[in-house]
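Input: a single structure, listed below in structure tokens.
The values are calculated or read from the model by the stated rules, or taken from the named source; none is laboratory data. Note that this is a predicted model, so its numbers are computed, not measured. Using ideal geometry, Cβ is built from the backbone for each residue, glycine included, and neighbour counts are taken over all protein chains shown.
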Amino acid sequence: MKNRILKLIKEQSIWIILIFSLIFFGIMTANFFSFRNFQNILLQTSINGIMAIGMTYVILNGNIDLSIGMIYALCAAVVIGFQSLGIVPSVLIALAVGLIIGAINGIFVAKAEINAFIVTLAAMIGVKGLLFVYTGERAIIGTNLNFTYLASIRIGFMPLPAIIFIVLLIIGEYILRNTSHGRNAYAIGGNQDAAEKAGIDVKKHIIINFMLSGGMAAIAGIIAASRMNTATTTLGRMDHLWVIIAVVLGGTNLNGGYGSLIRTLGGILVIGILNNGLNLMNVHTFYNMLIMGIILILVIYIGKKFEVTKS
Amino acid sequence: MGGGIKLNIEVSYLLENLLAWSIISKNMRGQIELKKLIIVLALSLILVAASGLVLAQENADIVIGMTANNTGVDSYQTLHDQAFREKCDELGVEYNILDARGEPMRQVNQIQDLMTKGVDVIVVWPVSGQAIVPVLRQVQQEGIPVLIANSKIHESGFELVKGFAGPDNITQGVYAAQMMAEALGGEGKIVEVMGTPGYITAEERSAGFHQEIEANYPGLEIIETQPANWNREKSQEVMENYLTKYDEGEIDGVYVGDDNMGVGAINAIKSAGRGSNLKMTSATMFADGYDEMIAGDILYGTLYQSPIDDANYTAEIALKLAKGEEVDFFNYFETPKVTDENIDEYERPVW
């Protein structure tokens with residue numbers, strides 16, 4: 001029994017950290033435990049959360065995608081830019097842009113066998129260039145107010161972006177657990193050579209996962225565009241890092257082969273709660289970042305510690 | 001007054017010391033000790049919390065919430081942040097100042113957090129003049145007054161906010177045009193180096209200059225305008241191109257959006273050896289421009305826009321709004337003209 005509890009603590013450390021941060025901010029700030037604030041947190045985490053779904057797949061393969069922040073910004077600009085065609089066509093075009101850039105990333109990583117870090121770093125710079133060319137360095141303003149309305153829809157108490165996030169997360173987790181694509185994602189991350197010898201089409205799976213990552217970034221961009229009714233060139237500069245941190249916080253192994261989307265959800269929520277709680281606590285800007293950094297490294301350290309004792 | 005700030009600074013020292021301590025102990029024993037790290041973390045959180053409590057006791061029941069554009073990215077914004085906090089302490093109000101760090105989405109989220117917190121007024125230094133408009137609609141429904149600081153938002157958002165406090169960029173352009181007319185005796189051809197196109201500050205400084213020249217100085221002509229995106233090197237390039245394109249005598253004046261670009265352009269003028277018959281005016285003074293005006297002849301006039309005046313004025317207007325008082329929609333602070341004549345009345349800017 002004791003061992004089972006200990007095992008639970010070790011494997012689910014992100015949820016324990018989540019509960020601690022809830023208690024801490026609940027005590028420290030007056031309005032933290034309010035219905036409204038939880039709505040806020042859900043809404044605020046949904047954009048990075050959606051990107052973290054694609055990122056988890058890529059990281060499970062043992063790869064990384066640094067370009068999602070810029071794909072996110074470009075797709076936000078595209079969905080606003082094509083608004084004159086109507087909401088559905090503009091959304092589809094933005095999605096296509098995300099998938100295509102993801103596919104290009106995947107092809108370079110899988111077929112040309114260039115390190116994913118380098119490929120997606122180049123993509124990040126290239127897509128940023130595209131964004132500047134497309135927007136002419138100016139903010140593009142949306143004209144269709146119905147589009148802005150989308151992000152503020154609530155079904156019950158849940159904001160629509162949060163529902164999209166949760167639904168995508170459930171589908172993503174289902175695919176990971178119950179389909180051959182999901183199982184192969186783990187196999188490739190665990191040992192790519194062995195996976196190849198076992199007859200898995202490694203290249204195909206890697207390309208699909210990069211497309212997934214690009215597609216998720218596109219969905220995130222569409223939601224951001226709807227929340228702001230604008231696309232600016234300053235969007236998404238740091239988001240790829242926050243998304244990677246969330247995935248790692250959740251306990252997904254950066255070398256691939258181990259992790260899950262439910263854990264990523266934990267990581268995303270912890271970062272969202274830290275951001276929100278520190279804002280409500282009125283911590284000075286600079287210490288806000290310092291404390292955030294300390295907490296993140298500590299959490300990852302604890303996770304690492306448990307991992308060592310496990311083996 | 002100012003106890004909160006002082007305590008905050010002490011907290012930061014303690015944090016740094018504790019961090020250093022944990023790193024040193026790591027080096028001595030070859031590994032980070034988890035226990036010590038936890039102690040450091042717990043202590044730092046307690047200290048930060050304590051400083052928050054002290055702040056809360058100090059003042060009345062008014063809370064000013066602010067989300068800044070990108071504190072620390074340049075000295076103007078950093079000084080603005082400091083001065084704003086000091087002014088709030090002086091006025092005896094509580095404040096919750098957040099920093100969007102240049103990210104529009106983060107700023108939208110911070111505005112929501114300030115709403116949840118229930119502050120009495122939200123001051124927004126917009127990262128993007130358009131991106132915050134939808135969330136401002138929610139703030140308006142909530143009944144919390146919003147004051148836009150330093151840079152204006154898109155006109156579609158005007159009905160959602162109580163007002164704007166900051167510099168009047170159009171007037172700055174007008175003043176720069178008047179000084180240009182003085183410098184050139186009302187006759188001459190001018191080239192312009194402007195800030196980033198699409199940014200309201202850059203567009204307004206340019207527009208004010210054009211308006212004034214067209215309305216009042218028929219002898220002056222603006223022959224070309226190019227953007228240098230507030231960047232000194234880019235401005236030097238733009239000026240080099242102007243000097244290649246227009247021979248000696250074909251341009252008489254250069255108007256720049258701020259002194260930073262001004263210094264870049266002056267470098268180009270000097271290396272082309274054309275300083276003797278060119279005059280420059282600028283829309284905002286920086287320390288380099290101050291030095292240039294004292295040392296050289298090219299920079300004729302600029303405008304004194306102080307981040308401290310800006311912050312003080314913004315805090316005062318914000319307090320009025322928090323108390324439910326009515327304010328004008330546009331609240332501009334003074335940005336006086338500075339030329340060789342009166343530069344000794346001003347201190348060298350620290351921004």
Task: B:Gly301 farther than 27 Å from B:Thr67 by Cα and touching a Pro at 6+ places or on another chain (Cβ under 9 Å) - done: no
Open item on the list: Quick check on the range B:257-278. Is at least one of its residues crowded, with 22+ Cβ neighbours inside 10 Å and under 26 Å from B:Phe158 (Cα atoms)?
Closed with: yes
TODO: For the range A:18-39, enumerate the residues that are out of contact with any Gly (no Cβ under 6 Å at 6 or more places or on another chain), in a helix (DSSP H, G or I) and either within 29 Å of A:Ala225 (Cβ to Cβ) or within 12 Å of another protein chain (Cβ to nearest Cβ) (or both).
DONE: A:Phe20, A:Ser21, A:Phe24, A:Ile27, A:Met28, A:Phe35, A:Arg36, A:Asn37, A:Phe38, A:Gln39
Open item on the list: Tell me the residue from A:Gln44, A:Gln39, A:Gln83, A:Gln12 that is surrounded by fewer than 18 Cβ atoms within 10 Å (Cβ to Cβ) and either within 21 Å of A:Ala220 (Cβ to Cβ) or touching a strand residue (DSSP E or B) at 6+ places or on another chain (Cβ under 8 Å) (or both), please.
Closed with: A:Gln39
Open item on the list: Contact list please: Cβ distance under 7 Å, first residue in the range A:98-121 and farther than 21 Å from A:Ile222 by Cα, second residue basic (Lys, Arg), pairs at least six apart or on different chains.
Closed with: A:Ala110/A:Lys203; A:Lys111/A:Lys203
Task: Filter pass, B:Val174 being farther than 20 Å from B:Lys337 by Cα and not small (Gly, Ala, Ser) - done: no
Open item on the list: Just the residues that are within 14 Å of another protein chain (Cβ to nearest Cβ) and surrounded by fewer than 23 Cβ atoms within 10 Å (Cβ to Cβ), please, taken from the range A:101-132.
Closed with: A:Phe132
Open item on the list: Testing A:Leu6 on (1) within 19 Å of A:Thr264 (Cβ to Cβ); (2) at pLDDT below 90; (3) away from chain B (no Cβ under 14 Å), one condition comes back false. Which one is that?
Closed with: (1)
Open item on the list: Of everything in the range B:182-226, what is buried (at least 21 other Cβ atoms within 10 Å of the Cβ) and in a helix (DSSP H, G or I)? Give them in sequence order.
Closed with: B:Thr201, B:Ala202, B:Glu204, B:Arg205, B:Ser206, B:Gly208, B:Phe209, B:Glu212, B:Ile213
Open item on the list: Quick check on my filter: what residues within the range B:228-266 are of a type in the set (S, T, N, Q) and either assigned to a helix (DSSP H, G or I) or at pLDDT 95 or above (or both)?
Closed with: B:Ser235, B:Gln236, B:Asn241, B:Thr244, B:Asn260
- [ ] Count, please, the residues in the range B:298-316 that happen to be over 17 Å from the mean Cα position of the chain (by Cα) and crowded, with 23+ Cβ neighbours inside 10 Å.
- [x] 2
- [ ] Out of the residues in the range B:227-242 that are surrounded by fewer than 22 Cβ atoms within 10 Å (Cβ to Cβ) and more than 14 Å from chain A (Cβ to nearest Cβ), state the one that is farthest from B:Lys279 (Cα to Cα).
- [x] B:Glu233
Open item on the list: Can you confirm whether B:Asn69 is touching a residue at least 60 places away in the same chain (Cβ under 8 Å), surrounded by 20 or more Cβ atoms within 10 Å (Cβ to Cβ) and of a type in the set (S, T, N, Q)?
Closed with: yes
TODO: Tell me which residues, restricted to the range B:226-243, are within 23 Å of the chain's Cα centre (by Cα) and among the polar types (S, T, N, Q).
DONE: B:Gln226, B:Asn229, B:Asn231, B:Ser235, B:Gln236
TODO: Give the residues of the range B:120-140 that are modelled with pLDDT under 95, β-branched (Val, Ile, Thr) and under 21 Å from B:Asp310 (Cβ atoms), sorted by residue number.
DONE: B:Val127, B:Ile132
Task: Test: A:Gly69 is of a type outside the set (S, T, N, Q), at positive phi and in contact with a Gly (Cβ under 6 Å, 6 or more places away or on another chain) - done: no
- [ ] Mind checking which helices (runs of 4 or more DSSP H) fall wholly inside the range B:61-179 and carry at least 1 residues that are within 12 Å of chain A (Cβ to nearest Cβ) and over 29 Å from A:Asn48 (Cα atoms)?
- [x] B:75-91
- [ ] State which residue pairs qualify: first residue within 14 Å of another protein chain (Cβ to nearest Cβ) and inside the range A:40-61, second residue at pLDDT below 95 and not in a helix (DSSP H, G or I) in any location, beta carbons under 7 Å apart, and separation of 6 or more residues or different chains.
- [x] A:Leu42/A:Met158; A:Leu42/A:Pro159; A:Leu43/A:Pro159
